[in-house]
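Here the structure comes first, spelled out in structure tokens, and everything after it is commentary.
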Amino acid sequence: MASIQYILKRLLLMIPTFFLVMIIIFLLVRFLPGDPAIAIAGDRASDADLEAIRERLGLNQPMLVQFWLFVTNTLQGDLGRSILLRAPVIDVIFDRLPTTIFLTLYAVTLSLLIAGPLAFVAALNRNKWPDAVIRTVFQVGLSMPVFYIGLILLTFLAAQLRWFPVGGYGDTFVERLHHMFLPSVTVALYTSAIIMRNLRSAIIEVLDAEYVQFARAKGLPDRLVLGRHVLRNALISTVTLLGLSIGNLMSGTLVTETVFAVPGVGRLMLEAIFARDYPLIQGLTLTFAVLVSVVFLLTDLFQSTLDPRMRLT
Amino acid sequence: MTDITALSAEATIPQKTRLQLALRKPGFLIGAFIIGVSAMLALMPGVFAPYDPNLIDYVAVKQPPSWAHPFGTDMLGRDSLSRVIFAYKVNMQMAILATVFAMTIGVIVGALVGYYRGFADMIFGRVVDAVITFPFLVLVIAVVAVLGPGLINMYIAITLVGWVYYARLMRAEVIAQMGNDYASAGVVMGYSDRRIIFRHLLPNAITPVIVYWMTDMALAILLGSSLGYLGLGAQPPQAEWGVLIAEGRNFITTAWWLSLMPGIAIVLTGLGFSLLGDGLADLLRPRG
């Protein structure tokens, strides 16, 4: 296990980063065109009403005071009220977040199932035709925009063949797996292309390593060599890559949710942007940043647990 | 292109053999061919497009592909092939404008913080950490939300976020290069910092940046068309691949060609840049 000291150090490093993250979000929202007070109260609000809203939100205070208010409120879990949905931002986000997390985990599982075996086939047949075919297909996959993959799947598998529902989320777990299959495949096809490429070179690198050649030379069966040495080492790099690609994964999820009308935080972000719902934009941007940092942290811990060389010094 | 020639002169393998090696790779050739054709279409769409891309013809609405209209017509009777061809202008422009400023800023900042280190480098490190904490698309669409939808605002948004990735790469490369004898020699000879950074370190450190730039141009087209699709990038009636796909989305079961064809253009161009990038990586790699 990673030591407590290491975890503490890692958490401590997150403080200045998050301070900057808060500054970026704060500045972004302050630069939004239009008066937030008018956005909240509507065009026909009286001057007194607007003044009251500015007073309540602290919009008439100096910038530094506003920033302080933003930081303290955020730390207390108060992200303001959504203009679009007329509810506390934090509630709205927690309402939609599980859907996005479900979609992301589903997509990660599928991409490992797609990329894992194919990477092995490609690496073991290095520079022969199966390798060439697999790599070409994934190279094309990498060049496809997520929304295009989604649209094609939606048209042929849902609208034409009716194998999958066109939209919705489903109520039970099994229904959900069925409903979310196409969105997850959409994200997974893109992610698996990234994983496949790296996993293939990781496997090749391990296969060429002296300790694996030694294991083979001393007569260990291939299955054991692959399982114990190659797979374990290739897994470390894959999980690390997946963790570091979480930003890409989230970007893909955002677009996919829009294509398939999945009620997650990604689609909410776009709705918030079109509605100029600035407290919601602020809250969602922060949520994405928190999600990514948590995954970065977990990746680090995972890596330092499995690979002592990587431990922060 | 002159930069590239200058760069490779440093390398151990003679320029000619490197080029011959690269030319023997089918991937590099295919990539160069695709990008060459794309650039031609982007520069002179009027020469290749059979019709005016904005010519509305209510008599020929949503016609399937035919000899007269190889990609069919859209809901306003406009010729899809002509619209896809005219979109090359916008999308190829995207590949360049969404990346070139980010690269320039990133290269300069990265070289400076890599050379001077110290306090500025520490701040830079925190900025990188903070920026990569946001999913790229989330930060870009948040900036687009502030500036308003449209192509120019999209370029500004992508530049504001994207330079960090170039700077990070450049910084690491400059630090690596400073370990070499030639860098210390420059200091000993009493050259100015500016001369050492821009005349000596930069040309040697820029190779990975150029290779990344190729990939980034492919990504810029993907990102730009995604924003167009979402309604945050190019705005209709401008012909842009993402916008075209979004326009066809509502008729996807009856007029599938409207969304399918622009997508193929995206995939082809993205593929072209990736293949070209891989080829350049081989061509520019210091050790053969």
Item to check | Checking B:L147 against (1) under 26 Å from B:I123 (Cβ atoms); (2) within 14 Å of chain A (Cβ to nearest Cβ); (3) open to solvent by 50 Å² or more (accessible area, probe 1.4 Å); (4) touching a residue at least 60 places away in the same chain (Cβ under 8 Å), the condition it does not meet | outcome: (4)
Checklist entry - Within the bounds of segment A:117-127, is there any residue that is more than 14 Å from chain B (Cβ to nearest Cβ), assigned to a loop (DSSP other than H, G, I, E, B) and under 29 Å from B:I35 (Cβ atoms)? => result yes
Checklist outcome for this item: When every residue in segment B:230-249 that is free of Cβ contacts under 8 Å to residues at least 60 places away in the same chain and open to solvent by 10 Å² or more (accessible area, probe 1.4 Å) is compared, the one nearest to the other protein chains (Cβ to nearest Cβ) is B:R249
Checklist outcome for this item: Residue pairs within 9 Å by beta carbon, gap of at least six or interchain, first lying in segment A:154-177 and assigned to a helix (DSSP H, G or I), second exposed (fewer than 13 other Cβ atoms within 10 Å of the Cβ) and of a type outside the set (F, W, Y), listed first then second, are A:T155/B:T253; A:A159/B:T253; A:Q160/B:T253
Next on the checklist: So B:D193 ticks every box in (1) in contact (Cβ under 8 Å) with a residue 24 or more places away in the chain; (2) within 30 Å of A:Y278 (Cα to Cα); (3) more than 23 Å from the chain's Cα centre (by Cα) but one. Which box is left unticked?
Outcome noted: (2)
Next on the checklist: Here is a check on your reading of the model: is A:T305 open to solvent by less than 40 Å² (accessible area, probe 1.4 Å) and either in contact (Cβ under 8 Å) with a residue 12 or more places away in the chain or within 21 Å of A:I149 (Cα to Cα) (or both)?
Outcome noted: no
Checklist outcome for this item: Scanning segment B:257-272 for residues that are more than 7 Å from every other protein chain (Cβ to nearest Cβ) and free of Cβ contacts under 8 Å to residues at least 60 places away in the same chain, the one surrounded by the most Cβ atoms within 10 Å (Cβ to Cβ) turns out to be B:L260
Checklist outcome for this item: Note on segment B:195-229: residues under 12 Å from B:M170 (Cβ atoms), of a type in the set (A, V, I, L, M), open to solvent by 10 Å² or more (accessible area, probe 1.4 Å) and part of a helix (DSSP H, G or I) are B:L202, B:I210
Checklist entry - Out of all the residues in segment B:38-59, is one or more in contact with a strand residue (DSSP E or B) (Cβ under 9 Å, 6 or more places away or on another chain), polar (S, T, N, Q) and surrounded by fewer than 21 Cβ atoms within 10 Å (Cβ to Cβ)? => result no
Checklist entry - What number of residues in segment A:76-119 are open to solvent by 30 Å² or more (accessible area, probe 1.4 Å) and among the polar types (S, T, N, Q)? => result 2
Next on the checklist: Which of the numbered conditions does B:F119 fail, given that it passes all the others? Conditions: (1) more than 8 Å from chain A (Cβ to nearest Cβ); (2) surrounded by 20 or more Cβ atoms within 10 Å (Cβ to Cβ); (3) without any contact (Cβ under 8 Å) to a residue 40 or more places away in the chain.
Outcome noted: (2)
Next on the checklist: Would you confirm whether or not segment B:273-287 contains a residue that is surrounded by 24 or more Cβ atoms within 10 Å (Cβ to Cβ) and under 30 Å from A:G266 (Cα atoms)?
Outcome noted: yes
Checklist entry - Of all residues in segment B:125-144, which are in contact (Cβ under 8 Å) with a residue 24 or more places away in the chain and over 22 Å from the mean Cα position of the chain (by Cα)? => result B:V127
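A quick yes/no check of all residues on (1) acidic (D, E); (2) facing another protein chain (nearest Cβ under 10 Å); (3) surrounded by fewer than 21 Cβ atoms within 10 Å (Cβ to Cβ):
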{"site": "A:L244", "(1), (2), (3)": "no, yes, yes"}
{"site": "A:L249", "(1), (2), (3)": "no, yes, no"}
{"site": "A:G252", "(1), (2), (3)": "no, yes, no"}
{"site": "A:A261", "(1), (2), (3)": "no, no, yes"}
{"site": "A:G264", "(1), (2), (3)": "no, no, no"}
{"site": "A:L270", "(1), (2), (3)": "no, yes, yes"}
{"site": "A:R276", "(1), (2), (3)": "no, yes, yes"}
{"site": "A:P279", "(1), (2), (3)": "no, no, no"}
{"site": "A:F288", "(1), (2), (3)": "no, yes, no"}
Item to check | Of the criteria (1) modelled with pLDDT of 85 or more; (2) surrounded by fewer than 17 Cβ atoms within 10 Å (Cβ to Cβ); (3) charged (D, E, K, R), which one A:D222 fails | outcome: (1)
Checklist entry - Does any residue in segment A:69-90 that is in a loop (DSSP other than H, G, I, E, B) come within less than 9 Å, Cβ to Cβ, of a residue that is polar (S, T, N, Q) and surrounded by fewer than 16 Cβ atoms within 10 Å (Cβ to Cβ) six or more places away or on a different chain, and which pairs are these? => result A:D78/A:T72; A:L79/A:N73; A:G80/A:N73
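The values are calculated or read from the model by the stated rules, or taken from the named source; none is laboratory data. Everything quoted here is computed from the prediction, not taken from an experiment. Don't worry about glycine lacking a Cβ; one is built from the backbone with ideal geometry, like all the others, and counts go over all protein chains shown. Please note that ligands, DNA and RNA were not included when accessible areas were found on the heavy atoms of the full protein model with its side chains. Shrake-Rupley method; radii C 1.70, N 1.55, O 1.52, S 1.80 Å.
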